[in-house]
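Below is one structure, written out as structure tokens; comments come after it.
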Amino acid sequence: MKQFQRILGKHTQGVHRGFLVFIALVVVLAGSVQSGVLVAPTTIILLDKTRTGRMTVQNPSNSPKEISIRFSFGIPTSDSLGNISVPLKDSVDDPNSAVGWITAFPRKVILPAGGSQVIRFRASPPEDLPDGEYWARVVVRSEEGYTTLPPPTDDGSITTKLNMIMQTAIALKYRKGDLTPALELNGVRVELDSAKVSVLIDMSSKGNCSYIGILKCRLLDADNREVSQSVVQLAVYHDLVRRVNLPITGDSYKEPFQVDLSISTDGRTDIPAEEMLNGNEIKRTLIVR
């Protein structure tokens, strides 16, 4: 709301009261396509040897857009029910934050219709930085031009314009030295109801980098028939609780059910092979009672 008020106030300075109203809409999205611009890659890796990287921003629309770049901190977090979110913070005391020593050029640019721009990144880490992985979010803000809606009639004096502002946050990782992903399973809880089995998985990253992998769960009945399965992408930076729901369709299955759980850094097809870090594998079998 404060951001809305700042934007509204900025664009109404010097305007006669009652004659012009601006509406600003700010949306933070996870997908770059929905944000109004195309961004590639969706994860930026900076290595200690070069300390540089790049990202391409493309405007696929038929109108120019003002693009601005800033940095924030955001990693996947969860509540006790396994609901995942990625809150963005401008200031944080996390020892793995790279927000304070990453720069981008250019920071602001006007992209013509169908145009693109390469954004270059430079890291200037502290000299005594320990080996490990450090994180930031590249926040790409896309602002549309003003769109004038129908003019006021004789009995009214209000003109409305829409200023659409959208954002997408891209992961940036700075890697130094030897990196070892290591995941620890703190506990697993299963819950059964008439429609599904819920698996609540409590995990912690114990290596010096994030653990990026695949979480698989298979629900089997007492005759070893597969009831359902789930395959989800996993990203654990510190601590994370992840909920997986396995549906039960039909009533011909024999209880007790069994959940086969596996976690591995193998199987990610959305990340280039040279950027994947191999970590430990976890397997568990749980009886649902």
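Couple of notes before you dig in:
- Subset tally (residues that are closer than 14 Å to V231 by Cβ and free of Cβ contacts under 8 Å to residues at least 60 places away in the same chain) for region 253-269: 7
- Residue satisfying all of: in region 206-251; acidic (D, E) and under 24 Å from V288 (Cβ atoms); nearest to the chain's Cα centre (by Cα) among these: E226
- Those residues of region 93-108 which are surrounded by 16 or more Cβ atoms within 10 Å (Cβ to Cβ) and closer than 27 Å to S63 by Cα, in sequence order: A104
- Filtering region 234-289 to residues that are over 30 Å from S210 (Cβ atoms) and hydrophobic (A, V, I, L, M, F, W, C) leaves I248, F257, I287, V288.
- Just one of the listed residues (R243, R225, R218) is closer than 18 Å to N83 by Cα and of a type in the set (K, R), and it is R243.
- Meets criteria (over 29 Å from V86 (Cβ atoms) and either of a type in the set (F, W, Y) or out of contact with any Gly (no Cβ under 7 Å at 6 or more places or on another chain) (or both)) for A171: no
- Here G132 fulfils each of the conditions (1) modelled with pLDDT of 90 or more; (2) more than 30 Å from V241 (Cβ to Cβ); (3) crowded, with 17+ Cβ neighbours inside 10 Å; (4) not hydroxyl-bearing (S, T, Y) apart from (2).
- Within region 43-80, the set of residues being part of a loop (DSSP other than H, G, I, E, B), under 22 Å from E127 (Cα atoms) and β-branched (V, I, T) comprises just one member, T50.
- Single unsatisfied condition, G100 versus (1) modelled with pLDDT under 50; (2) touching a strand residue (DSSP E or B) at 6+ places or on another chain (Cβ under 9 Å): (1)
- Looking at region 171-289, the strands (runs of 3 or more DSSP E) lying wholly inside it that each contain 2 or more residues that are closer than 18 Å to T43 by Cα and not assigned by TED's automatic domain parsing to the domain that holds E127 sit at 211-220, 226-236.
The values are calculated or read from the model by the stated rules, or taken from the named source; none is laboratory data. This one's a predicted model, so the numbers in the text were calculated from it and none came from an experiment. So basically every Cβ, Gly included, is an ideal-geometry build from the backbone, and we count neighbours across all protein chains shown.
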